[in-house]
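Below is one structure, written out as C-alpha cells; comments come after it.
Values in this text are rule-based calculations from the coordinates and carry no lab data. Fair warning: this is a prediction, and the values are worked out from it, not measured in the lab. Cβ coordinates were reconstructed from backbone atoms using ideal geometry, including for glycine residues, and neighbour counts include every protein chain displayed.
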Amino acid sequence: MNELTGPFGEISQAELAKSNFATLITTEGDIKINLFNQTAPNTVANFVVLAKKDFYDGVLFHRVISDFMIQTGDPLSKDDDPTNDGTGGPGYIFDDEISEDSPKLIKGIVAMANSGMESDGKGTNGSQFFVVTKDAVPWLDGKHTPFGSVVAGLDVVEKIGQTKTIDPKGGNDRPINDIIIKDIIISES
C-alpha cells in the first residue's frame, strides 16, 4: 500500500514516514512536536494533510485550562463569533487509534479532542487537538488518541497554559487575549 487514505484525503507512505515533526509557530513562541506516525498513522496523516493545506493557520488556542491542557484546531475560532469556538472541524470525523500500547496522557502529550458529536466521544476526531499541561490525566487515558509529544517549546506550552482566561459562554477557559497558530511546519527532523 503506497497511499494512506481517509476522510482527510490521501498521503503517500513515503511522505508520512518523513513527517516526523511538526513545529507550531504561535504568537507566544514555537512548539516542536514529535509525531507518532508509527502508532497513530491515520491521525498523523490527518494532521499533516491539514497542516500542509494551511488549515490551522490563524486558529486560536480557544480553550485553556490551567494545570490541565491547552486546546486548538477549531477553524471557527478564526471568525468574529467567540461563542462558536470549540464546535468546528474539517467537515468529517474519523476513528480513534488507541491501544494498550498508546502513550499515557502526561505533560507534553498531544492528543485529539473529541467533537462531542457522539455521547461517548469515540470516533469523533476531526481537527481539534490539545496538549496536556498537567503531570498526568489518567481519567482521559484510552479516550483520546495521542499522536505526538512536545520535544521543544514546553515552556511555551506552559506559558499558554497560564494565560488569563474568560469564556463568553459563562465558563472561564477562553484566553482574554488571542493566542494564534500562525503556521505549522512539517519536517523530517
task = Check the straight Cα-Cα distances from LYS143 and name the lysines below 28 Å, setting aside those fewer than 8 residues away within the same chain.
result = LYS18, LYS32, LYS52, LYS53, LYS78, LYS104, LYS107, LYS122, LYS134, LYS159, LYS164, LYS169
key: Set of aspartates and glutamates with alpha-carbon distance to LYS182 below 20 Å, sequence-local pairs under 8 removed   = GLU28, ASP30, ASP54, ASP57, ASP74, ASP79, ASP80, ASP81, ASP85, ASP155, GLU158
ask   = For region 1-49, which semi-axes, largest first and in whole Å, follow from the square roots of 5 times the eigenvalues of its Cα gyration tensor?
value = 22, 11, 8
ask   = Under the Karplus relation 6.51 cos²θ - 1.76 cosθ + 1.60, θ = phi - 60°, what is the ordered set of whole-Hz ³J(HN,Hα) values for region 130-144, x standing for Gly and Pro?
value = 9, 10, 6, 10, 8, 4, 7, 10, x, 5, 9, 4, x, 10, 9
ask   = Listing ASP57, ASP85 from the residue with the fewest other Cβ atoms within 10 Å to the one with the most, what is the order?
value = ASP57, ASP85
ask   = Near the amide H of GLU97, under 5 Å away, which other amide H atoms are found, from residues 5 or more places off or on another chain, if H is placed in the peptide plane?
value = THR145
inquiry  = So if I place +1 on the C-beta of Lys and Arg and -1 on the C-beta of Asp and Glu, and nothing else carries charge, what would the dipole magnitude of the chain be about its Cα centre? I want it in debye, nearest 20.
reply    = 280 debye
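How large is the convex hull of the C-alpha atoms of region 19-187 per residue, in Å³?
Details: hull volume 17.6 nm³, N = 169.
Looking at region 19-187, the number lands at 104 Å³ per residue.
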query = Where the eigenvalues come from the Cα gyration tensor of region 87-186, what are the semi-axes √(5λ) of the equivalent ellipsoid, largest first, in whole Å?
reply = 22, 18, 14
